[in-house]
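Enquirer: Provided herewith is a single structure, encoded as structure tokens, for subsequent inquiry.
The values are calculated or read from the model by the stated rules, or taken from the named source; none is laboratory data. Everything numeric here is computed off the predicted structure, so don't read it as measured data. Don't worry about glycine lacking a Cβ; one is built from the backbone with ideal geometry, like all the others, and counts go over all protein chains shown. SASA here: full protein model, heavy atoms, side chains in, ligands and nucleic acids out. Shrake-Rupley method; radii C 1.70, N 1.55, O 1.52, S 1.80 Å.
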Amino acid sequence: MEFDLVIIGAGPGGYVAAIRASQLGMKVAIVEREALGGVCLNWGCIPTKALLKSGDLYQTLGHLEDYGLSVTGRSYDFTKVIERSRGVSKQLSAGVAFLMKKHKITVIEGAAKLEKSTPAPKIVVALKAGGSRTVQAKHVILATGARARVIEAAGLVPDGERIWSYREAMVPKSAPKRLLVIGSGAIGIEFASFYRSLGSEVTVIEALDRILPVEDEEVSVAAKKAFERRGLAFRVGAKVVKLAKSAKGVEVDLEVGGKAERLEADIAIVAVGITGNVENLGLEALGVKVDRGHVVTNAHSATSVAGLYAIGDVAGPPWLAHKASHEGVHCVEHLAGQKPANLTAPIPGCTYANPQVASVGQTEAQALAAGHEVRVGRFPFRTNGKAIAAGETEGFVKTVFDAKTGALLGAHLIGAEVTEMIQGFAIAMTLEATEAELMATVFPHPTMSEAMHESVLDAYGRALHL
Ligand code: NAD
């Protein structure tokens, strides 16, 4: 057999799985129809972080007097902001190409389709360069990712011109003067934050009754207030009846609390979730079980077809790059006959807006619904020395513990750089830490992470600086 493993899709699920398989001695090929690194490196996580950095710096320049500094003639060159973001993606995609070479992984450029075969389906690739190539392996992993969900009935369909998905929103020629963002998940909020920081008038429309609805409710409330202070407008509990192009831009008909409302803008970004890339892969003919746009898998990422596995976004939520990589490593180690630990580690989630939001584990409401008696701690950054010195006093750390066992059930943070802090709680939860170990941990002073310690102490009535 030509290969031990063929992986379809070179995003953070597929390319990481390929590297791990190579480390374990497998002969590996990876098929990619677009660019190495997938959506994450080319159209998602990474280029948006570059955009947000430009936006944050521009905003900071707007209140330098807070720090005793001044600057005249603040301005930006939008083309260069976008170019920098594209350059960052390009650099990282080239980095993945280097890693593939280093690990002797065969990269096949083209679109793959599966056909019935044993011990695993064979892969027919329509090559980018023309023609086709058929490869056969002992195992096949689908890591084809996901794309923006469209809702045709409500006109939530990107047209590439005035109605954008995350792709168009990443590379426009200019920043819209008036922008509507539909959906207040991570994608919607990150773009809303970026464009607001460059001066766009932004209104975010959310169907549910609060923004960032997967987060703890206190975080949603604080985030909305913080974003409103920055000039973002929101319509929550707003049903989109119809989004359409108008003579000058776009208009959206909403139903808010039983009342009809119409909003107009130059551009709309649709960010109402994503759906797995399960089409044109030959899955139906093979009899692969697919449920609501995602391939159904077991605890080791095996599909219903022998020799075929699925990881990352195409295998369902949470749709996060680090979940895809983690599943990829687990799947490959299992294929290699190792006994990797079950996929039970808590998966942190981050939104890189201004302020940032990060969380891991259960919200307070989820913990209560799961039958836990809880102890909850909170600590605001406004009483943290480093935060005051840095002028970053917005936000707080909230921790949720099981009152009986002291197990940390969840942590919910909002504020500057909390996406870098959440990992402390992710490690604690993975190691099944209780309040006692967290209290016994020494946090460096002065750091914003001291608020993590204080939040734990507060859950037990022992906060030192409240
Ligand atoms: P999402 O599902 O997180 O959020 C979509 C939001 O749109 C929800 O709040 C939903 O209630 C709302 N919505 C749905 N239909 C609507 C309608 N008709 N009108 C108004 N609002 C509506 O989806 P997303 O933000 O598009 O992101 C997709 C996935 O990618 C998410 O799972 C997210 O976690 C992941 N992602 C993560 C990051 C990150 O970690 N920083 C960044 C981007 C995306």
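Enquirer: If you go through segment 421-447, how many residues are open to solvent by 60 Å² or more (accessible area, probe 1.4 Å), assigned to a helix (DSSP H, G or I) and more than 20 Å from Pro355 (Cα to Cα)?
Expert: Within segment 421-447, residues that are open to solvent by 60 Å² or more (accessible area, probe 1.4 Å), assigned to a helix (DSSP H, G or I) and more than 20 Å from Pro355 (Cα to Cα) number 4.
Enquirer: For segment 209-256, name all the residues that are near the ligand (Cβ under 10 Å from one of its atoms), aliphatic (A, V, I, L, M) and not in a strand (DSSP E or B).
Expert: Selection gives Ile211, Leu212, Val214.
Enquirer: Which residue pairs have Cβ atoms under 6 Å apart, sit 6 or more places apart or on different chains, and have a first residue in segment 24-37 that is within 12 Å of Gly14 (Cβ to Cβ) and a second that is open to solvent by 30 Å² or more (accessible area, probe 1.4 Å) and assigned to a strand (DSSP E or B)?
Expert: What qualifies is Ala29/Thr106; Ile30/Val107; Arg33/Ala111.
Enquirer: Kindly evaluate Asn342 against the criterion of being closer than 27 Å to Gly328 by Cα and either out of contact with any helix residue (DSSP H, G or I) (no Cβ under 6 Å at 6 or more places or on another chain) or part of a loop (DSSP other than H, G, I, E, B) (or both).
Expert: When the stated conditions are applied, Asn342 passes them.
Enquirer: Determine whether segment 359-378 contains at least one residue that is surrounded by fewer than 23 Cβ atoms within 10 Å (Cβ to Cβ), in a helix (DSSP H, G or I) and acidic (Asp, Glu).
Expert: yes
Enquirer: Output the residues belonging to segment 393-420 that are among the acidic types (Asp, Glu) and either assigned to a strand (DSSP E or B) or within 18 Å of the chain's Cα centre (by Cα) (or both).
Expert: Passing the criteria: Asp402, Glu417, Glu420.
Enquirer: Looking only at segment 72-91, how many residues end up being farther than 30 Å from Ile19 by Cα, open to solvent by 60 Å² or more (accessible area, probe 1.4 Å) and either within 16 Å of the ligand (Cβ to nearest atom) or in contact (Cβ under 8 Å) with a residue 12 or more places away in the chain (or both)?
Expert: Looking only at that region, the number is 3.
Enquirer: Can you name every one of the strands (runs of 3 or more DSSP E) wholly within segment 113-165 that holds 2 or more residues which are more than 16 Å from the ligand (Cβ to nearest atom)?
Expert: Fully inside segment 113-165 and qualifying: 122-127, 132-135, 137-142.
Enquirer: Among the listed residues Leu57, Leu69, identify the single one that is at pLDDT 95 or above, open to solvent by 90 Å² or more (accessible area, probe 1.4 Å) and more than 20 Å from Pro355 (Cα to Cα).
Expert: Leu69
Enquirer: Quick check on my filter: what residues within segment 112-123 are in contact (Cβ under 8 Å) with a residue 24 or more places away in the chain, closer than 20 Å to Tyr15 by Cα and either surrounded by fewer than 19 Cβ atoms within 10 Å (Cβ to Cβ) or of a type in the set (D, E, K, R) (or both)?
Expert: Lys113
Enquirer: Taking segment 303-334, which residues are open to solvent by 30 Å² or more (accessible area, probe 1.4 Å) and either among the hydrophobic types (A, V, I, L, M, F, W, C) or within 11 Å of the ligand (Cβ to nearest atom) (or both)?
Expert: Within segment 303-334, Ala306, Asp313, Pro317, Pro318, Trp319, Leu320, His322, Val329 qualify.
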